[in-house]
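What follows is one structure encoded as structure tokens, with my remarks underneath.
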Amino acid sequence: MQIYWTKINQIIEETSEVKTYLLDCPKDFTWKEGSHTHFALEGFNAGEKPNRGLIRHMSISTLPHENSIGITTRIREQCSEFKSSLRNLKVGDEVALFKTHSNIPLKREDKNVYLLSSGVGLATFRPIVLDYFDRADNVNKIHSLNIDSSNEFLFTTIFESSTEKKFTSEFVDNRVDYYEKVKNLAADKDGLFYVVGSDEFLVQNIQLLREQGIKAEQIMLDKREQALLEFLSVDLSV
């Protein structure tokens with residue numbers, strides 16, 4: 001396993017609780033839209049076994065042509081030891097990246113694409129939307145729906161509806177509105193539905209989509225194969 005050590009070159013305060021850490025691109029480090037990586041803090045591999053408390057599975061919120069690896073995360077006042085350590089990092093500090101993979105690249109199948117996310121999960125979709133803006137081939141349109149109860153919505157300059165780009169962006173701050181909108185989007189029985197958020201959020205969205213007649217193969221999750229099968233095998237009879 002190759003470990004890429006790299007430095008933080010910029011820290012962006014996206015909202016009162018969300019930061020983006022922009023990292024230098026190590027030589028030979030490659031990724032594409034919809035990628036995640038293992039993001040580790042200094043000391044994670046100092047002992048005989050990796051210290052899992054210093055490692056997190058994170059989405060990459062940038063594309064390669066932006067020349068920085070973006071890691072966007074929410075850090076609340078009361079947070080884990082990992083997030084607390086992350087909050088104290090400064091420009092120039094080193095972090096490690098390894099096991100980078102994309103479970104949810106943009107499918108170009110001449111269908112409508114729906115991006116359903118909760119809070120900072122929108123960071124996973126940022127590079128997918130930018131990739132679509134760069135090249136819209138074989139994608140009919142994209143509709144993004146994000147729920148964030150903080151009401152501090154992310155990336156609003158990118159997630160902005162555009163008739164010309166065939167892109168619609170919606171933000172809501174409550175579950176009632178969110179799930180009503182999901183139900184309306186599921187009227188498209190041929191669409192592709194990407195879902196990013198907590199496991200509970202995934203389960204609720206999958207159940208609603210399946211109840212509306214959306215097939216499991218139309219639902220994309222940022223999960224490896226085994227976990228994907230477990231989530232998508234939801235029993236609708238319960």
Mean Cβ neighbour count within 10 Å, used as a protection proxy, ranking 216-229, 12-25, 113-126, 31-44 highest first: 113-126, 31-44, 12-25, 216-229
Prolate/oblate/rounded label for the range 1-92 (Cα gyration tensor, a/c 1.5): oblate
Residue-count net charge about ILE75 - beta-carbon cut-off 9 Å; Lys, Arg +1, Asp, Glu -1: +3
Most positive-pole-ward Cα, SER80, SER144, PHE39, against dipole of the chain from beta carbon charges: PHE39
Label point distance in nm, ILE12-ASP199, each placed 7 Å from Cα along Cα→Cβ: 3.1
Accessible carbon and sulfur surface of the range 110-209 relative to its total accessible area, %, 1.4 Å: 44
Farthest toward positive dipole pole in the range 160-238 [+1 Lys/Arg, -1 Asp/Glu at C-beta], among GLN226, LEU202, GLY213: GLY213
Difference of contour (0.36 nm per residue) and Cα-Cα distance, HIS57 to MET1: 18.6 nm
For Rg/Rh (Cα atoms, Kirkwood Rh), calculated from these coordinates, the label among (i) 0.94; (ii) 0.96; (iii) 1.06: (ii)
Candidate residues ARG56, ARG74, ARG108, ARG175: accessible-area rank, largest first, probe 1.4 Å: ARG175, ARG56, ARG108, ARG74
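Can you tell me the FRET efficiency between GLU164 and LYS99 if r is taken as the Cβ-Cβ distance and R0 is 35 Å, rounded to the nearest 0.05? Don't skip to the end; give the middle numbers.
On the way: r = 38 Å, r/R0 = 1.09.
The formula returns an efficiency of 0.35 here.
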Accessible area of the chain divided out per residue, in Å², using a probe of 1.4 angstrom: 51
FRET efficiency, GLU77 to SER149 (Cβ-Cβ, R0 22 Å, nearest 0.05): 0.85
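Using 0.36 nm times the number of residues separating PHE133 and ALA216, minus their current alpha carbon distance, what extension gain do you get?
Working: separation 83, 0.36 × 83 = 29.88 nm, distance 2.69 nm.
Length difference between fully extended and current span is 27.2 nm.
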Subset of LYS166/LYS215; LYS19/LYS83; LYS19/LYS90; LYS111/LYS166; LYS32/LYS215 violating a 21 Å alpha-carbon distance limit: LYS166/LYS215; LYS32/LYS215
Where THR6, THR156 fall by accessible area, highest first, once all protein chains stay in place (1.4 Å): THR156, THR6
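Over the Cα atoms of the range 152-229, what is the Rg over Rh ratio if Rh follows Kirkwood? Numbers along the way, then the final one.
Details: Rg = 13.6 Å, Rh = 14.0 Å.
Radius of gyration over Kirkwood radius for the range 152-229 works out to 0.97.
Size of the dipole of the range 1-135 about the Cα centre, Lys and Arg at +1 and Asp and Glu at -1 on the beta carbon, nothing else charged, in debye to 20? Show your work: numbers first, answer last.
Values: 18 positive and 17 negative charges, 57 e Å.
Its charge dipole is roughly 280 debye.
On a 1.4 Å probe surface of the protein chains, which of ILE55, ILE142 comes out largest in accessible area, and what is the full order?
On the way: ILE55 25, ILE142 0 Å².
So, going from the largest accessible area down, we get ILE55, ILE142.
The values are calculated or read from the model by the stated rules, or taken from the named source; none is laboratory data. Keep in mind it's a predicted model, so treat the numbers as computed, not measured. Reconstructed Cβ throughout: ideal geometry from the backbone, glycine too, with neighbour counts over all protein chains shown. Side chains are part of the model used for accessible areas, which takes the heavy atoms of the whole protein and leaves out ligands, DNA and RNA. Shrake-Rupley method; radii C 1.70, N 1.55, O 1.52, S 1.80 Å.
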